[in-house]
Amino acid sequence: MSTPGRLASGARTPAVVLGGTGYVAGELLRLIAGHSNLELLAVMSDSSPGEPVAGAFPHLVSAYPETRFATLAEVTRQLAERPAAAVFSAAPHGASAGLIDRVLSAAAAGGNEVRVVDISADFRYASAAAYEKVYGHAHPAPARLAEFTCALPEHLARLETAHVGHPGCFATAVLLAAVPLLALGIVEPTLFVSGVTGSTGSGRKPVEGTHHPLRHGDLYGYNALAHRHAPEVVACARAATGVEAELAFVPHSGPFARGIHVTVQARLTRALDDAQARGALQEYYARAPFVRVSERAPHVKEVAASNYARLSAAANGRTIAVMCAIDNLVKGAAGGAVQWMNRMLGLPETAGLTQPAPGWT
């Protein structure tokens, strides 16, 4: 489904953000403010209706000096007044699907064209049973699952559904490193992955794992070999390559706010050296504007606050290690969602997303 319809007119497309007070929502608002083809219509928050957006995000006051959080009823009413709109959901897992279902139902009743990118996990599985197995509760809108595709833009040439479920932050980094290896058949399909994420990946609500005195200067693993997003990585890799991989994933919490660094290791099916390994990645991502492969090992500071991904690889003839660094809130969430929406609207994939990393975050 590549025809953008009414969403591709010359005017700026109205954009709505659901679940508007978290870190990912703040990044969506920042990216929309700098996007020449999107214009914020409304930002919904059940917890802060009527409150100023700048109260939750003081750094965005210059972009949204008067904007206030809206209720879902207010959002659906505003959408009914527009023939078309782009909707981003940054609501939590389990809540997002219900909100999206109500928005899409209202749009259908009014004959409005709405395209959705969901950043939660609610539309990452093809079946309600698969979702329930991982998340332990029934899917809130199972009839909508067939309307969504979960994939990275770099791994899907043509979108066949109306809406997208974004794979998520850790999944983005792992998939960028792993999918070329599986697709090219240069590794055995058992992948060993170690990843480190910043504290913003745990959300805005303070918990022990994000409390600064505890996290600062520390590094620790969690949910080793049992992380709930691992099945989503396997499913996306299978959809992109046709290969059923086994994933042994050990995530870690790092002493920094934003960014993810992962290392994917696997046994080679044929001998490769460092240059050949990097060459394979470069060829695979030759048409991917946000993926850079270099001899230098990737650093989180090179990508923090940007939509770019940095990859490098090493190989010794028997084993390959691919390293990937991304920003968890941008490429792994809000930026990846805007990248998808650009394609869905018939815009250049890079629109509003080419700002380089600050470098000194």
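The values are calculated or read from the model by the stated rules, or taken from the named source; none is laboratory data. Every value quoted in this text rests on a predicted model; they were computed, and no experiment measured them. Virtual Cβ from ideal backbone geometry, glycine too; neighbours counted across all protein chains shown. Surface areas here come from the heavy atoms of the whole protein model, side chains and all, with no ligands, DNA or RNA. Shrake-Rupley method; radii C 1.70, N 1.55, O 1.52, S 1.80 Å.
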Along the range 181-194, what does the Karplus equation 6.51 cos²θ - 1.76 cosθ + 1.60 (θ = phi - 60°) give for ³J(HN,Hα), rounded to whole Hz, x for Gly and Pro?
-> 4, 6, 5, 7, x, 9, 9, 6, x, 10, 10, 10, 10, 10
So, with +1 on the Cβ of K and R and -1 on the Cβ of D and E, and no other charges, what is the size of the charge dipole of the chain about its Cα centre, to the nearest 20 debye?
-> 300
Under 1.5 on a/c is rounded, so check that first for the range 208-361, then, if it is not, pick prolate when a/b is larger than b/c and oblate when it is not; a ≥ b ≥ c are the square roots of the alpha carbon gyration tensor eigenvalues.
-> rounded
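If you stretched the chain out fully between LEU225 and THR161, how much longer would it get, using 0.36 nm times the residue separation minus the C-alpha to C-alpha distance?
Value of the extension gain: 19.8 nm.
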Return the percentage of antiparallel bridges among DSSP beta bridges fully within the chain, rounded to the nearest 5 %.
-> 45
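Measure off, as a whole percent, the carbon and sulfur share of the 1.4 Å-probe accessible area of the range 8-152, all protein chains present.
Using a 1.4 Å probe with all protein chains present, the range 8-152 comes out at 52 percent carbon and sulfur.
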Ranked highest first by average number of other Cβ atoms within 10 Å, how do 203-212, 35-44 line up?
-> 35-44, 203-212
Given q = 0.19, 0.20, 0.23 Å⁻¹, what are the Debye log10 I(q)/I(0) values for the range 119-212, with equal point scatterers placed on the Cα positions and solvent ignored?
-> -1.11, -1.15, -1.21
Starting from the Cα gyration tensor of the range 48-148, take the square roots of the eigenvalues, sort them a ≥ b ≥ c, and report rounded, prolate or oblate (rounded when a/c is under 1.5, otherwise prolate if a/b is larger than b/c, else oblate).
-> oblate
Residues of type lysines that LYS331 reaches as a straight line, Cα spacing below 25 Å, ignoring anything fewer than 8 places off in the same chain = LYS205, LYS301
Residue-normalised accessible area of the range 3-117, expressed per residue, 1.4 Å probe, Å² = 41
If you roll a 1.4 Å probe over the range 302-358 with all protein chains in place, what percent of the accessible area is carbon or sulfur?
-> 55
Per residue, what accessible area does the range 126-171 have, given a 1.4 Å probe and all protein chains present, in Å²?
-> 43
Per-residue HN-Hα couplings for the range 294-299 [Karplus 6.51, -1.76, 1.60; θ = phi - 60°; Hz; x = Gly/Pro] = 9, 5, 5, 5, x, 10
How do the peptides 132-143, 165-176, 302-313 rank, highest first, by the average count of neighbouring beta carbon atoms within 10 Å per residue?
-> 165-176, 302-313, 132-143
Here the relative contact order (percent) of the range 219-357, from C-alpha pairs under 8 Å and at least 6 apart, is 22
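Averaged per residue, what accessible area in Å² does the range 225-361 show with a 1.4 Å probe, protein chains only?
Spelled out: the 1.4 Å probe surface of the range 225-361, per residue, equals 41 Å².
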Which value in deg cm²/dmol, rounded to the nearest 500, describes the helix-derived mean residue ellipticity at 222 nm for the chain, given -39,500 (n - 2.57) per DSSP H run of n ≥ 4 and division by the residue count?
-> -8000 deg cm²/dmol
What's the carbon and sulfur percent of the range 241-281's accessible surface, probe 1.4 angstrom, rounded to a whole number?
-> 48
Whole number please: convex hull volume per residue of the Cα set in the chain, in Å³?
-> 130
Please list the non-local residues whose amide H lies under 5 Å from the amide H of TYR125, H modeled 1.01 Å from N, same-chain partners needing a gap of 5 or more.
-> none
